[in-house]
């Protein structure tokens, strides 16, 4: 069982740590942190969220030009 920190997520997603804390982890469906005081997430749950999210995005019709 691997645990991800906000810094791990920032590196993994290529985003700033502040963006991870303030926006990314607050998306609907993002797994709850293991602790509110020191946010950490189970890697398996985060990866499942990312798979589901990418699957939803692939079904959106393309934007008109």
Scope the stretch 29-52; condition farther than 16 Å from residue 8 by Cβ and in contact (Cβ under 8 Å) with a residue 24 or more places away in the chain; matching residues | 29
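Every residue, every condition in (1) at pLDDT 95 or above; (2) surrounded by fewer than 10 Cβ atoms within 10 Å (Cβ to Cβ); (3) at positive phi, yes or no:
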position	(1), (2), (3)
6	yes, no, no
9	yes, no, no
16	yes, no, no
25	yes, no, no
37	no, yes, no
40	yes, no, no
52	no, no, no
61	no, yes, no
65	no, yes, no
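The values are calculated or read from the model by the stated rules, or taken from the named source; none is laboratory data. Just so we're clear, the structure is a prediction, and the values are computed from it rather than from any experiment. In this analysis, Cβ positions are derived from the backbone assuming ideal geometry, glycine residues included, and neighbour counts consider all displayed protein chains.
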